[in-house]
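Q: Mind having a look at this structure? Questions to follow.
The values are calculated or read from the model by the stated rules, or taken from the named source; none is laboratory data. Just so it is clear, the structure is predicted and the values come from calculations on it, not from any experiment. Reconstructed Cβ throughout: ideal geometry from the backbone, glycine too, with neighbour counts over all protein chains shown. Please note that ligands, DNA and RNA were not included when accessible areas were found on the heavy atoms of the full protein model with its side chains. Shrake-Rupley method; radii C 1.70, N 1.55, O 1.52, S 1.80 Å.
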Amino acid sequence: MTVEEELRAAFARHESLTPPAGPLRAAVDRIVVRRRRRHRRLQAGAGALAVLGLLGVAVPRVVPSLGGHTATAEFLADRVAPSGALNVLLVGVDGAPDPRVGGTGSVPRADSVLLVHVPADRSRLYLVSLPRDLMVAIPGHGTDKLNSSFQFGATASRPDLRRGYDLTRRVVGDTTGVRIDAGAVLTYPVLRRLTDGVGGVEVCLPERVRSVHTRRVFPAGCQRLDGTGSIDLLRQRYGMTWGGQDRDRNAQRYAAGLLRQLDSGEALHNPVALSRLLAVLGPDLVTDTGDASLPDLLARTVQASRAAPVGLALPTVDSPKRPGNLLLDERAAPAFLTALRQDRLAEWAAANPDRVTALGSQR
């Protein structure tokens, strides 16, 4: 059963409690028809909904009211009753061409690897950056940088983002010791369309950033960026104090701003706006919902989106033998990974405030 059919079945089960849901059903049906005509293995509507849900967005708000009460996240969560922590892998790839920001599309590389941890208590989201230059064991390829795992997987036979994600997921799971429950690959074109589709994203920078690609200057402070500007910022690492680590922090800031925009805007508050957003994203989004259904994933993440997310990074140190490469910090990484595996990141962050990324303005 496809995700769209699963959603429609869920609505049907609760139809006796709802007023007429004709407009919503029509919107869903239109999406299904368009996807089937394209004969795509990955359906854009399902992928877009999954990624928004995985980021912790309150998608259930579009469900019609139930018996005079708003169909909120609590309604869905009470009926799905999920439990346990959730780990979602988001991989930002620079391989897809986007000439607006100087993309070539020659070789797919994972320039941003973000693990979204949703604790069992659904208190908030933890955005954990895994640096691209971290030396890791890659099955079949020895030891290499983390971003190489995506390249090795994607180019095993022909460029394939799904294979790149699968190998990266395996490497991240082996490195951290946590189960990856779901994930997505976000190319530059997809990110650009998503950002523009929600009306831009506010990103709060602690210091000025100058693009080495377009010469654009991003001033310190909070600023709303369109899709092209967001991608330009997310690509920057040269000329920054901590290079790739600063780029990872800016990826966290972008994710936090996207969450705020999705929660405050109208894109997810009515079926028509949601349908437009799905159409804008198109079929290029690669997603993985794992063993769970979309309603399960939404129920597990929606509560956590209500509090400001926390930005963290896997503790690393520079390699003494190979400058530019990173190794796990033998003093700090074990405690961090234990906290991640045992769902105690709140305690770890409280004990290590200097390792928490400042994400800017909050809701």
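Q: Give me a count of the residues in the range 197-247 that are assigned to a helix (DSSP H, G or I) and touching an Asp or Glu at 6+ places or on another chain (Cβ under 6 Å).
A: Of the residues in the range 197-247, 2 are assigned to a helix (DSSP H, G or I) and touching an Asp or Glu at 6+ places or on another chain (Cβ under 6 Å).
Q: When the residues of the range 182-210 are filtered to those that are out of contact with any helix residue (DSSP H, G or I) (no Cβ under 8 Å at 6 or more places or on another chain) and charged (D, E, K, R), which remaining residue is surrounded by the most Cβ atoms within 10 Å (Cβ to Cβ)?
A: Once the filter is applied, the top-ranked residue is R210.
Q: Within 19 Å of L114 (Cβ to Cβ), in contact with a strand residue (DSSP E or B) (Cβ under 6 Å, 6 or more places away or on another chain) and among the β-branched types (V, I, T): is that true of V185 in this structure?
A: yes
Q: Another question, if that's okay. Kindly provide the set of residues from the range 157-168 that are under 13 Å from A110 (Cβ atoms), open to solvent by 70 Å² or more (accessible area, probe 1.4 Å) and either among the small types (G, A, S) or under 17 Å from the mean Cα position of the chain (by Cα) (or both), ordered by number. Write out each step before concluding.
A: Here is the first cut: in the range 157-168, the ones under 13 Å from A110 (Cβ atoms) are 161, 163-168.
Still in the list and also open to solvent by 70 Å² or more (accessible area, probe 1.4 Å): 163, 166.
Correct list: D166 only.
Q: Only one of L297, L268 is at pLDDT below 70, assigned to a loop (DSSP other than H, G, I, E, B) and under 17 Å from the mean Cα position of the chain (by Cα); which?
A: Details: L297 fails: assigned to a loop (DSSP other than H, G, I, E, B).
Among L297, L268, only L268 is at pLDDT below 70, assigned to a loop (DSSP other than H, G, I, E, B) and under 17 Å from the mean Cα position of the chain (by Cα).
Q: What's the number of the only condition in (1) open to solvent by 10 Å² or more (accessible area, probe 1.4 Å); (2) in contact (Cβ under 8 Å) with a residue 12 or more places away in the chain that R215 fails to meet?
A: (2)
Q: Further question: Among the residues of the range 132-156, write down those that are closer than 13 Å to L328 by Cα, in contact (Cβ under 8 Å) with a residue 40 or more places away in the chain and open to solvent by 10 Å² or more (accessible area, probe 1.4 Å).
A: R132, D133, M135, K145
Q: Please identify the pairs in which a residue from the range 326-351 that is closer than 18 Å to N87 by Cβ has its Cβ atom under 6 Å from the Cβ atom of a residue that is open to solvent by less than 20 Å² (accessible area, probe 1.4 Å) and of a type in the set (G, A, S), counting only partners at least 6 apart or on another chain.
A: Close Cβ pairs satisfying both conditions: L345/A339; W348/A339.
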